[in-house]
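Working notes for the structure below.
The values are calculated or read from the model by the stated rules, or taken from the named source; none is laboratory data. Quick caveat, the model's predicted, so the values are computed rather than measured. As a convention, Cβ positions derive from the backbone with ideal geometry for all residues, glycine included, and neighbour counts pool all protein chains shown. Calculation scope for accessible area: heavy atoms of the full protein, side chains included, ligands and nucleic acids excluded. Shrake-Rupley method; radii C 1.70, N 1.55, O 1.52, S 1.80 Å.
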Amino acid sequence: MTLAGKTAVITGSNSGIGLGIARELANSGANVVINSYTNSDEDHALAAEIAKTAGVDARYIQADLSNGDAARNLIEEAGQVDILINNAGIQHVAPIDEFPVEKWDAIIAIMLSSVFHTTAAALPKMRDSGWGRVINISSAHGLTASPYKSAYVTAKHGVVGMTKVVALETAREPITANAICPGYVLTPLVESQIPDTAKKYGMTEEEAKQKVILERQPSKEFATTEQLGGVATFLCSPAAEQITGTTISVDGGWTAL
Ligand code: NAD
């Protein structure tokens, strides 16, 4: 399968899952726009490295997705947008009665409202070009809950709901909208939780990974960013043309429990 001639915008793609998806789509021939809020030399170098390795056009566009106008500007600045991967995310863990309001607002803005803004800005472009794929990175936490993650779980469930609405609104068009729901993937977002978890439970970091973080993942293995990239690429393939409005879990059996 080739995605030559298509352009993919991947939000939050200077690390982790977003970067894995950007690399896989580029390796399938898509031009890619990578994004974060940082705008560092490394971000621009990363785009240049992807362009060179995959032989595609790869650009970095800065946008702080906590701001709705910035989210819409990202799509405008990208030009052609055939594939939209809504991936940017952050985490904060606290009981709901102690949850800092600014963290709630940031998580909802970055992980839920930005998906509304980028999708609203991208759909007219997909309609103009006659083909489109919206792929939202939700989570096993878009289908189940855990304590202390009120904002994250709310945002991820919201993304699943929005995905279904977009699928219904585009059902008669060559556009699909789906959500990928990963279990735990070893990215900077998860790695940053390991030392604190180990300390809290008086365990080594390896024990914390296996016994605490992967507790709900029956495979006892992390999913990889390459696997997530492969699933996103599949959703862009002809085999997935009739897959819309659904969730694909990549969670080692978590949501089968
Ligand atoms: P990560 O920390 O490696 O990447 C997060 C990305 O979001 C980074 O590129 C960061 O720059 C970007 N970002 C954060 N705030 C932003 C902002 N205000 N504006 C623009 N970009 C911003 O994390 P990850 O694990 O790769 O997570 C990617 C997505 O996958 C998130 O939505 C996360 O919730 C989801 N997810 C992750 C896991 C996991 O186990 N790692 C599991 C399920 C779902």
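Assorted remarks:
- One residue stands out among those in segment 4-25 that are in a helix (DSSP H, G or I) and in contact with an Asp or Glu (Cβ under 9 Å, 6 or more places away or on another chain): the one that is least open to solvent (accessible area, probe 1.4 Å), which is GLY20.
- Residue in segment 219-238 that is away from the ligand (no atom under 15 Å from the Cβ) and over 25 Å from ALA22 (Cβ atoms) present: no
- Candidates ALA63, ALA94, ALA70, ALA88: the one that is under 30 Å from LYS200 (Cα atoms) and within 10 Å of the ligand (Cβ to nearest atom) is ALA88.
- Residue in segment 141-154 that is of a type in the set (S, T, N, Q), more than 26 Å from ASN73 (Cβ to Cβ) and not in a helix (DSSP H, G or I) present: yes
- A residue that is within 27 Å of TYR184 (Cβ to Cβ), more than 8 Å from the ligand (Cβ to nearest atom) and among the hydrophobic types (A, V, I, L, M, F, W, C) can be found somewhere in segment 43-59.
- For segment 161-193, a residue qualifies if it is open to solvent by less than 10 Å² (accessible area, probe 1.4 Å) and closer than 13 Å to LEU112 by Cβ, and the qualifying residues are THR163, ALA179.
- The strands (runs of 3 or more DSSP E) located wholly in segment 30-134 that include 2 or more residues which are open to solvent by 40 Å² or more (accessible area, probe 1.4 Å) occupy 58-62.
- Lone unmet requirement of (1) open to solvent by less than 10 Å² (accessible area, probe 1.4 Å); (2) modelled with pLDDT of 95 or more for ALA198: (2)
- Filter result for ALA240 (touching a residue at least 40 places away in the same chain (Cβ under 8 Å) and either surrounded by fewer than 18 Cβ atoms within 10 Å (Cβ to Cβ) or not aromatic (Phe, Trp, Tyr) (or both)): yes
- Residue that is nearest to SER114 (Cα to Cα), among those in segment 1-17 that are touching a Ser or Thr at 6+ places or on another chain (Cβ under 8 Å) and of a type in the set (Ser, Thr, Tyr): THR11
- Residue that is within 16 Å of the ligand (Cβ to nearest atom), farther than 28 Å from GLY5 by Cα and not aromatic (Phe, Trp, Tyr), where the choices are GLY202, GLY158: GLY158
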